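The block underneath contains the structure these notes are about, expressed in structure tokens.
The values are calculated or read from the model by the stated rules, or taken from the named source; none is laboratory data. Values in this document were obtained by computation on a predicted structure and should not be read as measured data. Here the Cβ positions follow ideal geometry from the backbone for every residue, glycine too, while neighbour counts run over all protein chains shown.
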Amino acid sequence: MQKEKLRLLVIGAHPDDCDILAGGTAVKYARNGHVVKFLSATNGDTGHYEKGGGQLSLIRAEEAANAAKTAGIEYEVLDIHNNGIEVNIQTRERMISLIREFKPDIVFTHRPYDYHPDHRATSMLVQDSSYALIIPNVCPLTPTLKRMPVIMYLSDAFKKPYEFVPDVVVDIDDTFEDKVRMLDCHKSQVYEWLPWVDSELDEVPAGDKERIKWLGERQLKRDGRTAERFRKQLIQKYGAKRAGTIKAAEAFELCEYGREPGENELLKLFP
Ligand SMILES: [Zn+2]
């Protein structure tokens, strides 16, 4: 991976998407001295079965700030309602300004074929912002980017209209524990809302130690599935010996609307 300081901007729809889908990779970048920012396009104020509204958005902003501190990254949460983000010119211009201000080398976001309307809208907003990043007459008061960033999609398991095809798969075994510590900060989600959605609330252990262990096992299943699903790509990148031992991975696919790096440059851009 290159020594030049990179700037990475991960744009998720909710304050925990970035952590779940790119937390291990983000910690690798941060450890190598690169600058990482997570941006949540909504404030997450509907993500609970008991709490909601302003109270919940404050809880989630604090959880995001704690996760950022744990990982040594920045985290910004936009004050847009959960289940309420729309693809319109006003929000697109906000996205263009936010991306320009951070000056990223790589932007990560959801694919536009995702189950959640906020994920789809966030993806559309980033995609629709891409060309305008270099157009001076769009958002003229925020300087344009000198170079178009590479744009990558975060992984998902949806198959229609087409399946996620990774261009980069990252071994996150050495940052997996840090990723779990980040997720542990999103307490209203990982120990309350997400298990409630999965009808597993009664499986969440009571003690702090026990529940972070439970969370780690749960996340390892998920990131283990990614490693298993893209074992072939892991072997290509790391060789058969190391790739065979990798337990947890994160995967990313190139979006055609960003800068198109060659294979060599892509390798250098990722840990
Ligand atoms: Zn989400």
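Structural remarks
- Look at the range 237-261: where a residue is farther than 12 Å from ILE172 by Cα and at pLDDT 95 or above and a partner is assigned to a loop (DSSP other than H, G, I, E, B) and of a type in the set (Phe, Trp, Tyr), sitting 6+ places away or on another chain with Cβ atoms under 6 Å, you get GLU253/PHE164.
- Unique residue being within 13 Å of the ligand (Cβ to nearest atom), in a helix (DSSP H, G or I), under 16 Å from the mean Cα position of the chain (by Cα) and farther than 20 Å from ARG111 by Cα when the list is ALA68, ALA30, ALA22, ALA64: ALA64
- If you check LYS146, LYS103 for being touching a residue at least 60 places away in the same chain (Cβ under 8 Å), under 27 Å from LEU267 (Cα atoms) and charged (D, E, K, R), only one passes: LYS103.
- In the condition set (1) within 16 Å of the ligand (Cβ to nearest atom); (2) outside any helix (DSSP H, G or I); (3) touching a residue at least 40 places away in the same chain (Cβ under 8 Å), LYS51 is compliant with all but (1).
- Of all residues in the range 94-144, those satisfying the criterion of being more than 14 Å from the ligand (Cβ to nearest atom), closer than 23 Å to ASP79 by Cβ, in a helix (DSSP H, G or I) and not aliphatic (A, V, I, L, M) are ARG94, SER97, ARG100, GLU101, PHE102, GLN127, ASP128, SER129.
- Cβ-Cβ distances below 6 Å connect the following pairs, each with a first residue in the range 109-125 that is more than 17 Å from GLU250 (Cβ to Cβ), a second residue that is within 9 Å of the ligand (Cβ to nearest atom) and among the small types (Gly, Ala, Ser), and a separation of six or more residues or different chains: ASP118/ALA13; THR122/ALA13.
Here's the yes/no breakdown for (1) buried (at least 24 other Cβ atoms within 10 Å of the Cβ); (2) of a type outside the set (Phe, Trp, Tyr); (3) on the phi > 0 side of the Ramachandran plot; (4) within 12 Å of the ligand (Cβ to nearest atom):
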| residue | (1), (2), (3), (4) |
| --- | --- |
| LYS3 | no, yes, no, no |
| LEU8 | yes, yes, no, no |
| ILE11 | yes, yes, no, yes |
| PRO15 | yes, yes, no, yes |
| ALA26 | yes, yes, no, no |
| LYS37 | no, yes, no, no |
| ALA41 | yes, yes, no, yes |
| LEU58 | no, yes, no, no |
